[in-house]
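Structure first, commentary second.
The values are calculated or read from the model by the stated rules, or taken from the named source; none is laboratory data. None of these values were measured; they are calculated from a predicted model. Note that we place each Cβ from the backbone using ideal geometry, even for glycine, and neighbour counts take in every protein chain shown. When the accessible area is computed, the model is the full protein with side chains, heavy atoms only, and any ligands, DNA or RNA have been set aside. Shrake-Rupley method; radii C 1.70, N 1.55, O 1.52, S 1.80 Å.
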Amino acid sequence: MSPNFADQCLLRKRNLIRGAYSEALQVREFVRKYFRKDLNLTTKSALQEDYSKNYLPFSDIVRKLKFLVDDIHRESRNDLTILGDQVQERIRKLQNPSDCKTAKKLICKFPHCGFGCQLHYIGKCLLVALGTNRLMLVKYKSVHYKGFEKVFFPLTDACSMEELPKHAEEWNGELLTNYHNIPVVSLSYHKRYPHTRFKAFAIPHNLEEKIKVLHDDPNSWWIGQIMRYVFRPKPWVTDKVQQIKRKLNLTRPYVSIHVRRTDKLHREARYFNIEEYMQHIVNWYERDEEHARSYTRKVYVASDDLANVIPDARSNLICNRYPDYEFLYHAVHEDKPLKSMTQIVQDREEEAELISLVCDLMILSQSDYFVGTYSSNIGRLVTQLMHSSGDATFRSRSIDYRMFYYAGLPLTYRAVEDFSGEKEDLSFSAGEMIVLNAKKECPLYKGIGRNEAGLHGSFPMHKVEEIFTTAQYQALNDTF
């Protein structure tokens, strides 16, 4: 689908404004990072004096650019909502065939891992199901938490696992297997990288141009639609979330943070203190003129280690440094002490833990601004849910990795101009293709990746543009 002239103009306008705002945020982060360097007092004092004189007009530019970005997002919100609802209807139609017996099926198998991990595995299966036009079925007994069917709407209202054969042929990817005539296949989590086009970060070919016009991050919007269908809490859960918000007096605007501790610190991530989250929250309030006038700035805190995180957030150090901020949270059992990391890990299979986690996810994703870690499945899931109902490109921030999806396609960029860096940098010429390493900590203004020659290094993000990968999802072949 080729964009018409009006769409081309709108896309150019969006890209110019978004690019200017993104680069302004990168400059500010670079300056603040520079001031944290170990400089001698005379040099630092002189730099800070010069910075204070010139920062006000720059800060004003950032606010004006944010206003333009917000205006663009408001203009596209209705069209995004319509497009998202259409995608949801196509998924619902696929998951509820008129004849379950004749419908081709894909059984989704996933490992015994955390909630966010399992939801992302289901999302991986749903992408393949949409691509191959198969009904996806899930064994709920494999879900890590009890009460999944009580909390969420079923993925299909019409079909069940009961009438399926005991053995289903393993699906190895449409590029290797002649699967068309096989009625039931299974996709196992052991198949980490099946030979398939239908992976995360492969957006529908017939939606590419429309999404690019309406959304700043098409990949995140598409994954957001997948997770939106998987994550559909029942009305009583939504009512419970509203009760929690009323009790906490949690009205908008509010920001949220997710602090992941427990097992992640041993295997996949490093420790971040509350101060590192607060730097981004303060930045958000500063660049939002309306919210900057709010006397009490509310921060909703979710964590798998509230027993240690809440005392940290309400410590004298944080309170003295951020006196206008109020830290709010919701505990599973309000009449009992907050749980430690060990207790949380032991109690994960309790139904109450699932309900509490889902309520946290809803409150986090409904906030005006979110700060978390993308090394955590929960952090990525929150951002994906935010994108499912709008454009959250500048409303969500990770303090470690960039967005990625396990076993998904790599994010690819094209150099828009030459770059000649230092020894540890990745130098390139305009037109070269670069694969981003999302699982590396780096600031907004810098990326880490490799070029076509296999060379690795860091590079400035303003010198590259993202290249999108598309796929022909059979279940979405109808014209939108």
Residue that is surrounded by the fewest Cβ atoms within 10 Å (Cβ to Cβ) [pool: residues in region 349-370 that are under 14 Å from I257 (Cβ atoms) and not polar (S, T, N, Q)]: D368
Conditions (1) open to solvent by less than 20 Å² (accessible area, probe 1.4 Å); (2) in a loop (DSSP other than H, G, I, E, B); (3) touching a His at 6+ places or on another chain (Cβ under 7 Å); number of the one not met by H144: (1)
Residues that are of a type outside the set (A, V, I, L, M, F, W, C), assigned to a helix (DSSP H, G or I) and either in contact with a helix residue (DSSP H, G or I) (Cβ under 8 Å, 6 or more places away or on another chain) or more than 29 Å from M362 (Cβ to Cβ) (or both), drawn from region 186-235: H205, N206, E208, E209, K210, K212, P218, S220, G224, Q225, R228, Y229
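Tell me, which residue of region 204-231 that is in contact with a Pro (Cβ under 9 Å, 6 or more places away or on another chain) and of a type in the set (D, E, K, R) is most open to solvent (accessible area, probe 1.4 Å)? Don't jump to the end; show me each part of the working.
Going through region 204-231, the residues in contact with a Pro (Cβ under 9 Å, 6 or more places away or on another chain) turn out to be 207-213, 222.
Those still in the list that are of a type in the set (D, E, K, R) too: 208-210, 212.
Working: E208: 32, E209: 43, K210: 67, K212: 48 Å².
In this case the residue turns out to be K210.
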Test set (1) closer than 23 Å to S220 by Cβ; (2) in a loop (DSSP other than H, G, I, E, B); (3) modelled with pLDDT of 90 or more; (4) open to solvent by 20 Å² or more (accessible area, probe 1.4 Å) - T102 fails condition number: (1)
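Could you count how many residues in region 127-141 are in a helix (DSSP H, G or I), over 17 Å from the mean Cα position of the chain (by Cα) and closer than 16 Å to Q472 by Cα? Walk me through how you get there before you give the answer.
Residues of region 127-141 in a helix (DSSP H, G or I): 127-132, 140-141.
Okay, now just the ones that are also over 17 Å from the mean Cα position of the chain (by Cα), so 128-132, 140-141.
Then keep just the ones that are closer than 16 Å to Q472 by Cα; that gives 128-132.
Counting residues in region 127-141 that are in a helix (DSSP H, G or I), over 17 Å from the mean Cα position of the chain (by Cα) and closer than 16 Å to Q472 by Cα gives 5.
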Those residues of region 147-160 which are open to solvent by 50 Å² or more (accessible area, probe 1.4 Å) and hydrophobic (A, V, I, L, M, F, W, C), in sequence order: F153, A158
Cross-chain or 6+ apart pairs with Cβ under 7 Å, region 125-147 first and free of Cβ contacts under 8 Å to residues at least 60 places away in the same chain and at negative phi, then basic (K, R) and in a helix (DSSP H, G or I): none
Where a residue in region 386-408 is among the basic types (K, R) and its partner, wherever it lies, is modelled with pLDDT under 95, with Cβ under 6 Å and at least six apart: R397/H280; R402/A438
Filter result (assigned to a helix (DSSP H, G or I) and touching a strand residue (DSSP E or B) at 6+ places or on another chain (Cβ under 7 Å)) within region 363-378: I363, L364, I378
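Condition check ((1) exposed (fewer than 14 other Cβ atoms within 10 Å of the Cβ); (2) modelled with pLDDT under 90; (3) among the hydrophobic types (A, V, I, L, M, F, W, C)) across all residues:
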| position | (1), (2), (3) |
| --- | --- |
| Y285 | no, yes, no |
| E290 | yes, yes, no |
| A302 | no, no, yes |
| V309 | no, no, yes |
| L317 | yes, yes, yes |
| F327 | no, no, yes |
| K339 | no, yes, no |
Region 88-100 residues that are over 13 Å from T156 (Cβ atoms), paired with ones that are open to solvent by 50 Å² or more (accessible area, probe 1.4 Å) and part of a helix (DSSP H, G or I) (beta carbon under 6 Å, 6 or more apart): none
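Which ones in region 382-405 are among the β-branched types (V, I, T) and not in a helix (DSSP H, G or I)?
Pass one, region 382-405, residues among the β-branched types (V, I, T): 382-383, 393, 399.
Hits for region 382-405 are T393, I399.
What are the residues in region 147-176 that are assigned to a loop (DSSP other than H, G, I, E, B) and under 21 Å from E89 (Cα atoms), if any? Step through it out loud before you land on a result.
Within region 147-176, the subset assigned to a loop (DSSP other than H, G, I, E, B) is 147, 153-168, 171-176.
Selection gives F153, P154, L155, T156, D157, A158, C159, S160.
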